[in-house]
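So the structure is just underneath, and the comments pick up after that.
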Amino acid sequence: MRERQTQDIPATMRAVLLRGVTRAEAIRLVHCPVPPVEPDWVLVRIRAFGINHAEQILRLEEITAEYIQKPVIPGIECVGEIADASNSRFFPGQKVVALMGGMGRSFNGSYAEYALLPAHHVFSVDVSLQWEELAAVPETYFTAWGSLFHCLCMKPGEHLLVRGASCALGHAVLQLAKALGCKVTATTHRAARLAALEQMGADVALLDDGLLAGRVQGIAKALELVGPKTLRDTLRCVEPGGVVCNTGILGGEYELNSFDPIKEIPNGVYLTGFFSNTPTQGDIDDIFSFLEKHHLTPCLGKVYDFDDIKTALEDMDRKRVQGKVVIRVA
């Protein structure tokens, strides 16, 4: 462990610290030490971060698992500046994004004013976006990008079905797919959100009752964000030669029990899945290049100050916000 450059780094910081199952109304900011820097890790001063369904699962369920070393600071993504570059390629003050790789589970994450993060999961960015706009990108847009381009290999003009499109990820997918020139059918199980999907650019917005097969035609690619709960039905929604990518688990079911791939994957249909744990600098560069090329502004639902994180999480848990929820730290 090397000696820290202390002139601009305080000794303590505010953070959310989880010790067990924690409902949103019990969330509190506490003071704890700023972590000491280690080789191959960098200290990031967090300016903003997005909150995600994955962190809700951690707070309410996964926190009891033995592989979560408690207490833990949650948060799987952030944007900010390098406070201490350690022995990395970065320099102090450099603008960066960070996501995944164990953030908020294997080691402390982003619900804090500073985070000590492995250098290989921190990525430089050179954009003029406000911190709040930038914070809407890392995990959400990487997941959308990987699902659309790494797994579904989307091409202009193809017809995409997005199942569970009213979440923040669904909004990002819609934005990217329409910019690419695709036709998009988007679904939601909440009638009140159909109009928002149309405003986001969906060519068709459907109320999802769990049975879409037979109601949609001409689907070349399908992105399953509800997850195993509706995956069997989604497999029957695409045309022969089509591809289904399972990315989300919004339906609250995490596995396909008694799944028989020979009988339940229709002939000529392909099934894949996207796991967002392995971003690269190339991925981040490609995402921001695409946003710039198509003059896209990251989709934002609502921005809260760090002091109001309890309210933000309550609103997220109760589905009061449509789109990405971002926390402004400093």
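Right, Leu197: in a helix (DSSP H, G or I) and over 30 Å from His120 (Cα atoms) or not? For Leu197, the condition - in a helix (DSSP H, G or I) and over 30 Å from His120 (Cα atoms) - is met. Of everything in segment 29-69 that is among the charged types (D, E, K, R) and farther than 19 Å from Thr12 by Cα, the residue that is surrounded by the most Cβ atoms within 10 Å (Cβ to Cβ) is Glu55.
Kindly state which strands (runs of 3 or more DSSP E) lie completely within segment 71-166 and contain at least 3 residues that are modelled with pLDDT of 95 or more and crowded, with 19+ Cβ neighbours inside 10 Å. Break it down into steps so the answer makes sense when it comes.
Working: elements: 77-84, 95-99, 114-118, 122-124, 159-163.
Strands (runs of 3 or more DSSP E) meeting the threshold: 77-84, 95-99, 114-118, 159-163.
Restricting segment 91-125 to residues that are in contact (Cβ under 8 Å) with a residue 40 or more places away in the chain and charged (D, E, K, R) leaves a set whose member that is nearest to Arg328 (Cα to Cα) is Glu113. Summed over segment 296-330, the residues that are surrounded by 16 or more Cβ atoms within 10 Å (Cβ to Cβ), in a helix (DSSP H, G or I) and at pLDDT below 95 give a count of 1.
Go through segment 267-300 and count every residue that is aromatic (Phe, Trp, Tyr) and closer than 19 Å to Gly101 by Cα.
Of the residues in segment 267-300, the ones aromatic (Phe, Trp, Tyr) are 270, 274-275, 288, 290.
Okay, now just the ones that are also closer than 19 Å to Gly101 by Cα, so 274-275.
Summing the residues that are aromatic (Phe, Trp, Tyr) and closer than 19 Å to Gly101 by Cα in segment 267-300 gives 2.
Of all residue pairs spaced 6 or more apart or on separate chains, those with beta-carbon atoms under 6 Å, a first member in segment 31-59 that is assigned to a helix (DSSP H, G or I) and a second member that is at pLDDT 95 or above are Ala54/Ile76; Glu55/Pro74; Leu58/Pro74; Arg59/Thr22.
Assigned to a loop (DSSP other than H, G, I, E, B) and at negative phi - does that describe any residue in segment 174-184? So far as segment 174-184 goes, yes, one or more of its residues are assigned to a loop (DSSP other than H, G, I, E, B) and at negative phi.
So which residues in segment 183-241 are of a type in the set (Gly, Ala, Ser), crowded, with 18+ Cβ neighbours inside 10 Å and at pLDDT 95 or above?
Taking segment 183-241 first, the residues of a type in the set (Gly, Ala, Ser) are 186, 191-192, 195-196, 201-202, 205, 210, 213-214, 218, 220, 222, 227, 241.
Then drop every residue that is not crowded, with 18+ Cβ neighbours inside 10 Å, which leaves 186, 196, 202, 205, 220, 222, 227.
If the condition is that a residue be of a type in the set (Gly, Ala, Ser), crowded, with 18+ Cβ neighbours inside 10 Å and at pLDDT 95 or above, then Ala186, Ala202, Ala205, Ala220, Ala222, Gly227 are the ones that fit.
In segment 218-252, the qualifying residues are those that are closer than 17 Å to Ala165 by Cα and of a type in the set (D, E, K, R), and the one that is farthest from the chain's Cα centre (by Cα) is Asp233.
How many residues does segment 245-284 contain that are in a helix (DSSP H, G or I) and in contact (Cβ under 8 Å) with a residue 24 or more places away in the chain? Quick ask: steps written out before the conclusion?
Of the residues in segment 245-284, the ones in a helix (DSSP H, G or I) are 261-264, 281-284.
Of the ones still in play, those that are also in contact (Cβ under 8 Å) with a residue 24 or more places away in the chain are 264, 281, 283-284.
Final tally of qualifying residues: 4.
Across segment 242-292, the qualifying residues are those that are touching a strand residue (DSSP E or B) at 6+ places or on another chain (Cβ under 6 Å) and exposed (fewer than 15 other Cβ atoms within 10 Å of the Cβ), and the one among them that is farthest from Leu134 (Cα to Cα) is Gly268.
If the condition is being farther than 21 Å from Phe306 by Cα and β-branched (Val, Ile, Thr), then segment 59-113 contributes Ile63, Thr64, Ile68. Annotation for segment 203-211: at least one member residue is in contact with a helix residue (DSSP H, G or I) (Cβ under 6 Å, 6 or more places away or on another chain), more than 29 Å from Leu58 (Cβ to Cβ), among the small types (Gly, Ala, Ser) and not in a helix (DSSP H, G or I). Could you check how many residues of segment 278-329 are in the same structural domain as Val79 (by TED's automatic domain parsing), of a type in the set (Gly, Ala, Ser) and out of contact with any helix residue (DSSP H, G or I) (no Cβ under 7 Å at 6 or more places or on another chain)? Residues flagged as in the same structural domain as Val79 (by TED's automatic domain parsing), of a type in the set (Gly, Ala, Ser) and out of contact with any helix residue (DSSP H, G or I) (no Cβ under 7 Å at 6 or more places or on another chain) within segment 278-329 amount to 1. Working only within segment 285-295, note down all residues that are in a loop (DSSP other than H, G, I, E, B) and closer than 20 Å to Leu152 by Cβ. Answer for segment 285-295, where residues must be in a loop (DSSP other than H, G, I, E, B) and closer than 20 Å to Leu152 by Cβ: just His294.
The values are calculated or read from the model by the stated rules, or taken from the named source; none is laboratory data. Everything numeric in this text was worked out from a predicted model, so none of it was measured. Here the Cβ is made from the backbone with ideal geometry for all residues, glycine too, and neighbour counts use every protein chain on show.
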